[in-house]
Amino acid sequence: MKNTPVIIDLQNISVSFDGTTILNNINLQIHDGEFVTLLGPSGCGKTTTLRIIAGFLQQDSGDVIFEGKNINGVPAYKRQVNTIFQRYALFPHLNVYENIAFGLRLKKMKEDDIKAKVQAMLELVNLKGFGSRNIDSLSGGQQQRVAIARALAVDPRVVLLDEPLGALDLKLRKDMQVELKNIQQKLGITFIYVTHDQEEALSMSDTVVVMNNGEIQHIGTPIDVYNEPANAFVADFIGESNILDGVMREDFHVEFSGMRFQCVDKGFGKDEPVDVVIRPEDIDVVPAGQGMLQGEVTSVTFKGVHYEIIVDVDNFKWMIQTTQKASVGDIIGISIKPDEMHVMKKSEYSGLYGDYSSFSEEFDELSDPTVVEEEEE
Amino acid sequence: MKRSSLAQKIINAPYILWAALFVIAPLIMVLYYALTDSTGAFSLDSVKQIGDYGGTFILSISYGAVATLISLVIAYPFAYFLAHTKANFQRMSVMLVMLPMWMSFLIRTYSWITILGESGVINSALGKIGIGPLPLLNNGGAVILGMVYNFLPYMILPLYTIMAKMDVRLIEAAQDLGCGKLQVIRKVVFPLSVPGIASGITMVFVPCVSTFYITQKLGGGQVNLIGDVIEAQFQTANNYNLGAALSLVLMVMILICLGVLNYFTDSDDEVNGGVLV
Ligand SMILES: Nc1ncnc2c1ncn2[C@@H]1O[C@H](COP(=O)(O)OP(=O)(O)OP(=O)(O)O)[C@@H](O)[C@H]1O
Ligand SMILES: [Mg+2]
């Protein structure tokens, strides 16, 4: 994607409402044809970012650049950007056909062309023959398709999607994810997608932008943000992770849990304090005494494909996902390959996440960072 | 639901009684008087006389229509802008709109005499700069003014309610698809506010057509509408039968109007859900 030109460039965007900073110095470049996902907990400013790009909201400072041109003052109706709203926002007084034709009529297109375009759109979203239906007679999934067709009919350069699948059930959601991705690839237009579902973000996007508290934490490919998270927040928000307090003794040598290990990271200062992320699925369970560390199993949960084991190693509770079975009370060894330890610089999030000591089945949801956030406030 | 039907009946009883006493009984009385003569014998004389009042009916409808139209033209933009102001300001403004409604209708109307009269507020002010006195009172214009003034809140409130409830994202969606400010109003706000317009029209038109107090106080006998004729039959001519027959026709006309307007209101239940008043 990076070889296509930049279509939208957000430069130092800041916004505050009633004295509270909602977006703090957002810088983001989006390339033509890219599928970018804004990912972050509720209230982190994702919708606000979209509204600035759409032109519904003016930033307090900073610039919005569209294809090299500053569009700060350009009203929404003049921007080549269309939004697919979370709750669809279809016009209840118009039928499906007229909803999709809405933007085309404003462009003063010929009736024949409008008809052809609407038909093509209905086909694209699998709603052939629904043209004369009333909006309230459609299911949620069908309404969502109409909303997609309505936005795409006007040939936007950039489509903004604000949690478009949020109101759908899991099955439909999965189907629509695939469908949206297909549509995006087929038409080759830029999608800026908002979600707080990390799985959705990882599976659909070219680029994931992780946000928290109105600031961008990490911009990268899905593999990047998963494997090389920028800080403890990103590591914890995307997937499960054990985050340990460590010290980088020298290049390729990190110390945590009182031991020194070989790793693949370099470029830190000598004896610099760091956070070390280890994904639960990257840890191997070995017989006691044979691993790098060892501890007592405090909980085992069967998850279908794997077991989720919590192991207490010197009062730090690790989460391990493994196909090997263990029982509570067992002493087991754990082993981690050097390239599966990811060393990160310390950040404001250090120490907040990544220890499973309060973990239990009921707490599963509480380990969601959004909840941790709220508890702190 | 089925099992509670006895309880339901008991609960409903007072309302049914109320309706019978105050809605159905008067209707039957009106019907009775309309179809009898002064001796109480069956007669179609009164009904036949109605034809003589065709002109009055048309005049009443014209006055009602003009007053309703003016109310709509004033209320619509007012409601639109009000619905887009800060919540506090909206609450206060709605209070102010309703405030006159808590005062007696008679006093509100009467007060216009002291404003428009020959020695009223306006004419005495104009007199000081050597103009007038202008004939502001006792004409059709004053009657229309009285109608608009008295019933305007009933136009504003349903319009305001529907606009305040309108989903802003629909407006944003329209802008997003290329609508400028005026086009948003024409293509989205207006069509979605039709049920509110229908309610407003009903609530202004009906009392305008049947009023007699406004015409008497502000029209000074120059404007004779159907309400005046009916009132005269009961109060001075003592011809209850003709009065009842005219009322009946007025009622039927209003019912037809309501039926037509209801068609618009019903067409979109959701939007109309909570129209005030
Ligand atoms: N018009 C407004 N006035 C005041 N505060 C606002 C306004 N709009 C948004 N906010 C605040 O800005 C913050 C970010 O809101 P935003 O809608 O961008 O969050 P989000 O990331 O989209 O969250 P969600 O996932 O819940 O949709 C929130 O704390 C919200 O309360
Ligand atoms: Mg949002």
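Between A:Asp197, A:Asp136, A:Asp312, the Gaussian network model of chain A with springs among Cα atoms under 10 angstrom shows the greatest mean-square fluctuation at A:Asp136.
The simple Förster model, with R0 at 35 Å and r as the Cβ-Cβ distance, assigns B:Ser111 and B:Tyr32 a FRET efficiency of 0.35.
Ellipsoid fit via the Cα gyration tensor, region A:125-212: semi-axes of 23, 16, 11 Å, each the root of five times an eigenvalue, largest first. Computed on chain B, with alpha-carbon pairs under 8 angstrom and 6+ residues apart, the relative contact order is 27 percent.
Projected label points at A:Leu187 and A:Ala288, each 7 Å from Cα along the beta carbon direction, are separated by 6.1 nanometres. Computed over chain A with a Gaussian network model linking Cα atoms closer than 10 Å, the most mobile of A:Glu272, A:Glu34, A:Glu200 is A:Glu272.
Residues B:Trp18, A:Trp318, ordered by accessible area of protein heavy atoms at a 1.4 angstrom probe radius and largest first, appear as B:Trp18, A:Trp318.
Taken residue by residue and averaged, Cβ atoms of other chains lying within 10 Å of the Cβ of A:150-162 number 1.
For region A:6-227, the fraction of C-alpha pairs more than 29 angstrom apart is 26%.
Round to a whole angstrom and tell me the spacing of the C-alpha centers of region A:286-344 and region B:122-136. After rounding, the separation between the Cα centres reads 97 Å. Counting only other chain Cβ atoms within 10 Å of each residue's Cβ, the peptide A:85-93 averages 6.
Region A:134-212 and region B:183-212 have their alpha-carbon centroids 38 Å apart. Listed values for region B:154-165 are Karplus-derived 3J(HN,Hα) couplings in whole Hz (6.51 cos²θ - 1.76 cosθ + 1.60, θ = phi - 60°), namely 6, 8, 5, 4, x, 5, 4, 4, 5, 6, 5, 7, and x replaces Gly and Pro. Evaluating kT/(6 pi eta Rh) at 20 °C and 1.002 mPa s, with the Kirkwood radius of region A:2-101 over Cα pairs in the Stokes-Einstein relation, gives 142 µm² s⁻¹.
Computed packing ranks the peptides A:16-28, B:246-258 as B:246-258, A:16-28, most packed first, by mean other Cβ atoms within 10 Å.
For the peptide B:183-193, the mean number of other protein chain Cβ atoms found within 10 angstrom of a residue's Cβ is 2. The mean of 1/r over all pairs of different alpha-carbon atoms in region B:100-250, once inverted, gives a Kirkwood hydrodynamic radius of 18.5 Å. Projected label points at A:Arg133 and B:Ile24, each 7 Å from Cα along the beta carbon direction, are separated by 4.5 nanometres. Sorting the segments B:20-29, A:102-111, A:154-163 by their residues' average number of neighbouring beta-carbon atoms within 10 angstrom, most packed first, yields A:154-163, A:102-111, B:20-29.
Ellipsoid fit via the Cα gyration tensor, region A:156-290: semi-axes of 36, 17, 12 Å, each the root of five times an eigenvalue, largest first.
Near A:Tyr193: Cβ cut-off under 9 Å, other residues only, Lys/Arg at +1 and Asp/Glu at -1. The net charge is -3. In whole percents, the pair-distance distribution calculated for region A:240-367 from its alpha-carbon pairs, binned every 5 Å from zero, is 2, 11, 21, 24, 19, 13, 7, 3, 0. The local environment of B:Leu35, defined by Cβ-Cβ distances under 15 Å, has a net charge of -1 under the rule Lys, Arg +1 and Asp, Glu -1. Using only side-chain charges placed at the Cβ, +1 for Lys and Arg and -1 for Asp and Glu, the dipole size of region B:53-276 relative to its Cα centre rounds to 560 debye. Here the simple spin-label model places points 7 Å from the Cα toward Cβ, and for A:Gln119 and B:Ile74 these points are separated by 5.3 nm. Would region B:30-165 count as rounded, prolate or oblate if I go by the C-alpha gyration tensor, calling it rounded below 1.5 in a/c and otherwise prolate when a/b exceeds b/c, oblate otherwise? Oblate.
Considering only the Cα atoms of region A:271-341, their convex hull presents on average a projected area of 5.1 nm².
Other residues within the sphere of radius under 10 Å centred on the Cβ of A:Gln86, judged by their own Cβ, net out at 0 (K and R +1, D and E -1). Distance from the Cα centroid of region B:231-256 to that of region A:52-102 is 58 Å (rounded to whole angstrom). Taking each DSSP H run with n ≥ 4 as -39500 (n - 2.57) and averaging over every residue of chain A yields -7500 deg cm²/dmol at 222 nm. Can you tell me how chain B classifies by the Cα gyration tensor, rounded, prolate or oblate, using a/c under 1.5 as the rounded cut? Since a/c reaches 1.5 but b/c is at least a/b, the shape of chain B is classed as oblate.
Eigenvalues of the alpha-carbon gyration tensor of the protein assembly as shown, scaled by 5 and square-rooted, set the equivalent ellipsoid semi-axes at 72, 29, 25 angstrom, largest first. From the Cα gyration tensor of chain A, with a ≥ b ≥ c the square roots of its eigenvalues, which class applies: rounded if a/c is under 1.5, or else prolate if a/b is larger than b/c, or else oblate? Taking the square roots of the gyration eigenvalues as a ≥ b ≥ c, chain A is prolate. Mean-square fluctuations from a GNM of chain B, with a 10 angstrom spring cutoff on Cα atoms, peak among B:Ala19, B:Ala41, B:Ala164 at B:Ala19.
The values are calculated or read from the model by the stated rules, or taken from the named source; none is laboratory data. Owing to the predicted nature of the structure, the values given are computational and were not obtained by experimental measurement. Cβ sites come from the backbone with ideal geometry, for glycine too, and all protein chains shown count toward neighbours. With ligands, DNA and RNA removed, areas are computed over all heavy atoms of the protein, side chains included. Shrake-Rupley method; radii C 1.70, N 1.55, O 1.52, S 1.80 Å.
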